[in-house]
1. First check a/c for chain B, with a ≥ b ≥ c the square roots of the eigenvalues of its C-alpha gyration tensor; if it is under 1.5, answer rounded, and if not, answer prolate when a/b is larger than b/c or oblate otherwise.
2. Residue by residue, what Karplus-based ³J(HN,Hα) values in Hz, rounded to whole numbers, does the range B:210-225 have, using 6.51, -1.76 and 1.60 with θ = phi - 60° and x for Gly and Pro?
3. Need one value for B:201-210: mean number of C-beta atoms belonging to other chains within 10 Å of its residues' C-beta atoms.
4. Explain nothing, just the number: dipole magnitude of chain B about its Cα centre with +1 on each Lys and Arg Cβ and -1 on each Asp and Glu Cβ, in debye rounded to the nearest 20.
5. Please report, as a whole percent, how much of the solvent-accessible surface of the range B:3-134 comes from carbon and sulfur atoms (probe radius 1.4 Å).
6. Where the centroid of each part is defined by its Cα atoms, how far is the range B:194-272 from the range B:64-125 in Å?
7. Rounded to the nearest 10 Å², what accessible area does residue B:50 have for a 1.4 Å probe in the complete protein model?
8. May I ask you to evaluate 6.51 cos²θ - 1.76 cosθ + 1.60, the Karplus curve with θ = phi - 60°, for each residue of the range C:108-124 and list the ³J(HN,Hα) values in order in whole Hz, giving x for glycine and proline?
Amino acid sequence: MSTMRAVEGWTVKPLERFVNEAGARLTLLMTPAGQVLAQFGFTRAVDVMAAAALGAAIVSSTAEIARLLEEPQFSALNHQGLRHGIFVAGFDSPRGRLLALVVYGTNSSVGLVQLFFEDFVRDLIAACPVPEERRPVLAEDFERELNQSLASLFRS
Amino acid sequence: MSDDIRAMTSELARDPGSLVFIPLGEALRARGQIEAARKVIRAGLERNPDSTDAHDLHARLLVDVGDLEGAEREWSLVLSADARHLGAHKGLGFLCYRRGDVDGALDHLELALSVDPADPNVLQALQTVRGVVAEGGRSAPAVPARHGEMAADTGPFSGVEGADRAMLLVDPRGRVLGGGLRNPAGIEVAETVAAQLAGVSQEAERTVRVLELGEWSSIVAEAADGNMFLCQALPDTILLLVRDRSVPPARMQVIAEKAAEQARAWIAGQTP
Amino acid sequence: MDRGADAVTGIRFRRLLDQVTRVRGVRGALLVAGEDGLVVAEAVMEGVRANAVAALTGSLARRMRRTADAAGIGFPHFLHLQATTGAICAVPAADGTLVVAIADAEVNVGLLRLALLKVAEVMA
């Protein structure tokens, strides 16, 4: 049974490989604005929306802290809980900056997630199609695109 | 006694009403100290009769000693208090599957999945049950009613010393093909260990692939109360040998190689 | 941050790991944070991916620990994965760190085991 869904087809193979190798329980690939490109493991749209918004907010908050400290942008964050770890990382791609939020359990570790995340980024960059010319994002476009994304992520 | 167990025992002695008896029971069960775990849980339940997690652990301990009816009563009790209890749905799904009730197993496992969609055990169990349904059967293959009965069939290793209590042949999905395994307390642990071995094999394959070390041939673990030797009898089929510490790993390798040869012949004989 | 203290710790770890890399056929030795699978200290030959060795060995060791637990034989104090073109050995130290070596397939496992146990003992 697969719980993988992608808005953009080119993300499927790299994501599939990553979750298999790293033993991730949940993975969300998104833009810094929280628009979801692909997900693995979520079964409800509302969870994806919340996770995407929170993941994007975490990255944006830590970027701001880095700016205050006059440090270069943090590339990855890890929070280790008792039963789960949360790994959030950003990377540059031909589609601009992308973020990944990974939840892993006791069958995996931050070391494994980091190790296979490097391959994931490489695979995504290799699979990414040449971007179309970008247009400014309007509020109504954003909402429509978000709804389209969610519909596509949870279509039967 | 490990530090964790010691610390939890002290905490429980200080505060007998504490819920620490649940992780203590889990830790004792994980170490194979089933009777000790049962004592802790029974005493804990007297003070905390409403703890669903304690009843869930009690049910698993009852399965360990072969009291499936008792386990079913405990899990049903849990569901009457918490209809979305993950452990109870997993346990009842397991019991339904064991007695051949595939529909019942599917119901409980799907409810378990709705509670935790990422639980790998539920996903694997559902895959197995759905596999049975896809093969046309609405009733599961015959499964021994008690853990201990698996040991009687030593098929691939008949005649090999320790075949019924210290040697296992396991398929890639973590199911026992033959042999038997008992822990030092004499409790049958074949199925539990077999389930773990599937993960070990995948782990070893991934390790050698990523590090470019060729094919893995064996894994040795020397532990406080015994040694383990794992090898691949056939591609994707794992042979596990357990011996006490007096048997050195090099000698275990020789025994394992002979047993693997016998297992290969046995598997070839089973193929239609 | 006390960089002097860091350097001293680094030298100490390096000396410990040298006892392992001295064994003929060893390609690298590492101290790994067992639960996280992250490198604490390393002494590896060029071409050995220390982070991969750490993450993968940490994970294998965890799996083996669960299996040994399920089999009721207690906590493993030595692990050896043998493959056709290499071998990995690991020994847990008392603080949850793993002392790990990656070696050629023909390495003297007996000698390597002793070297790893000695490092683990010193770490304790």
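The values are calculated or read from the model by the stated rules, or taken from the named source; none is laboratory data. All values reported here derive from a predicted model rather than from experimental measurement. All Cβ positions, even for glycine, are placed from backbone atoms using ideal geometry, and neighbour counts span all protein chains on display. Please note that ligands, DNA and RNA were not included when accessible areas were found on the heavy atoms of the full protein model with its side chains. Shrake-Rupley method; radii C 1.70, N 1.55, O 1.52, S 1.80 Å.
1. On the way: a/c = 1.92, a/b = 1.34, b/c = 1.44.
It is oblate, given that a/c is not under 1.5 and a/b is not larger than b/c.
2. Working through the residues one at a time gives 5, 8, 6, 9, x, 9, 7, 10, 7, 9, 10, 10, 9, 10, 4, 10 Hz.
3. Details: counts 1, 3, 11, 8, 0, 8, 10, 8, 3, 9.
Taking all residues of B:201-210 together, the mean is 6.
4. Details: 28 positive and 40 negative charges, 80 e Å.
Roughly 380 debye for chain B.
5. Values: 3200 of 6200 Å².
Its accessible area is 52 percent carbon and sulfur atoms.
6. Centre-to-centre (Cα) distance: 32 Å.
7. Only protein atoms counted, so the area is about 140 Å².
8. Per residue, the Karplus-derived 3J(HN,Hα) values read 6, 5, x, 5, 5, 4, 5, 5, 5, 4, 5, 4, 4, 5, 5, 4, 5 Hz.
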